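A short worksheet on the structure shown next.
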Amino acid sequence: MGAIIIKIEILKPGKQFKNYKVMCQELGIEVKKSSDTKKAQFRELERYCTYNKVGHLITIDQVYETPLEKSKRKGNNTVYGDIMQILILDLLAQKRNSGNLIISKSKFLRELNLVNLNYSHCFKRKKALSIFCKVDRQVVSDFYYTTNDSFKRAIELALKTLQNKRLIICNTVTKVSKNGMHSLASPDEKRLILFSERSTMLSLGYTNLKNLRISKDWKEFCKKSKKLLKELGGIDFYYSAYEITPNDKYLKEESDKLLDFLLNKLDRQRHQNELNKKACKKLAVNGSKRHETESELPQQKEFRLEQSYSEDIKKLIDIVIKDNAKIISQEILELEEINELDFEIEYSLPDGL
C-alpha cells in the first residue's frame, strides 16, 4: 500500500463526515474494502487530529498544530517508546533547571502518567493494599516487582534512545534528604550509606543484598540501616535519580520531528492518557502470560498458578496504575497496622524501580 495523502486543510474542529465513504471523498483518499487498509487510513488520520465515531458519523474533535510522527509499526515497544520520548522531551522543556533535570525514578513514573498517586502510597503498604483489594499478599508483591522492572526497562530504553541520538546525556546519581532538604550525596555520604547497609546486612547474617531483599528480614534491614544512617550522618533517607543534560542546540530540531514543544495542555494530556492506557494493557497481558507459562518453569511460583491470578493483576492495575482511579490513601492508612514499616519512598524506589 502506498503512502496515504490526506487533504489536511479539510480537517477542522467540529467537521463531520456522514460516513466512511464521504470522509474518503472529501479527504481525497481511496475507499477501501479491507478492514486492515481502513485501519491504516484511520491510523494516518490520527496523526493529524482526534475524532469520534457514533454509528457511521465521524466527527473531528481536535486538530493538531503539528502532525505526530508516523509510527514505524515495529511492534508495541516502538510505539510505547516514541510516546515516552515525546513526553521526556516535553518534560525537559518544562522543568530543566540550570541546564540539567534531576528526577527520581518514582517521580518520573508520575510525570509520565505511567502510574497514579496510589502506586507509591501503596508500595510501602502492601499488606494494607492486599486487605483492601482482597488479593493475596504474594500477588501484590509479585505485581510490584514485575511492574517496577517493566517500567524501569521502558524508561531507560527511551533515555538510551535519546542518548544515542546525542540529544541528552543521562547518568544515575544518588541524592540524600536531611531535615527535608535534598542534595546530591557527597563521596563521604556515599561511603556512610555503604557502611550502614553493609554492617546491618552482616549483622542479620547476609552477605548479598539481592538475597536479603527477597527474605523475611528485608523490613528489619531497612529499619535498622535507616536508623544507623540517621545516627551517624543525620541522613533521613537516600534515593537514586536520573540526571539528564539536554543538547539544547539540537533538541528543538528533534522535537520538531516528533512534535512542537512545549506541548500544549491538550496534546500533553492526550499523550499521557495514551501512555497510561498502553501501560495498563501491557501489564495485564504480561500478567496473563505469567499465569499461562508458570507451570512450564522448573521452580514454580504456586500463587501464579491460581485461577484468580490474572484477574487479581487486573484489579491491582485498576487501583494503582489507571490514571482515573479513585485515590485510596485514607482507606489504606486506616487498614495499615501501627507497626507497619513506614520508610520514605516519596522520591525513590528499590533497584527494580
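Look at the stretch 134-147: where a residue is without any contact (Cβ under 8 Å) to a residue 12 or more places away in the chain and a partner is hydrophobic (A, V, I, L, M, F, W, C), sitting 6+ places away or on another chain with Cβ atoms under 9 Å, you get 137/129; 137/131.
Any residue at all in the stretch 337-350 that's more than 15 Å from the chain's Cα centre (by Cα) and at pLDDT 65 or above? Checked the stretch 337-350: no residue is more than 15 Å from the chain's Cα centre (by Cα) and at pLDDT 65 or above. Residues in the stretch 165-223 that are within 30 Å of residue 100 (Cα to Cα), touching a Phe, Trp or Tyr at 6+ places or on another chain (Cβ under 7 Å), part of a loop (DSSP other than H, G, I, E, B) and not assigned by TED's automatic domain parsing to the domain that holds residue 141: 185 only.
Looking across the stretch 169-183, the residues that are touching a residue at least 60 places away in the same chain (Cβ under 8 Å) and of a type in the set (A, V, I, L, M) come down to 169, 173, 176.
Can you name every residue in the stretch 92-119 that is assigned to a loop (DSSP other than H, G, I, E, B) and either at pLDDT 90 or above or not assigned by TED's automatic domain parsing to the domain that holds residue 140 (or both)?
Scanning the stretch 92-119 gives 112, 113, 114, 115, 116, 117.
Each residue in the stretch 142-164 was checked for being under 23 Å from residue 310 (Cα atoms), surrounded by fewer than 16 Cβ atoms within 10 Å (Cβ to Cβ) and among the polar types (S, T, N, Q), and 0 of them qualify.
Please work out which residue is nearest to residue 155 (Cα to Cα), limiting yourself to the stretch 104-118 and to residues that are buried (at least 19 other Cβ atoms within 10 Å of the Cβ) and more than 11 Å from the chain's Cα centre (by Cα). Going through the qualifying residues, I end up with 104. Restricting the stretch 187-241 to residues that are of a type in the set (Ser, Thr, Tyr) and surrounded by fewer than 19 Cβ atoms within 10 Å (Cβ to Cβ) leaves a set whose member that is farthest from residue 105 (Cα to Cα) is 203.
The values are calculated or read from the model by the stated rules, or taken from the named source; none is laboratory data. Fair warning: this is a prediction, and the values are worked out from it, not measured in the lab. FYI the Cβ positions are ideal-geometry reconstructions off the backbone, even for glycines, and counts take in every protein chain you see.
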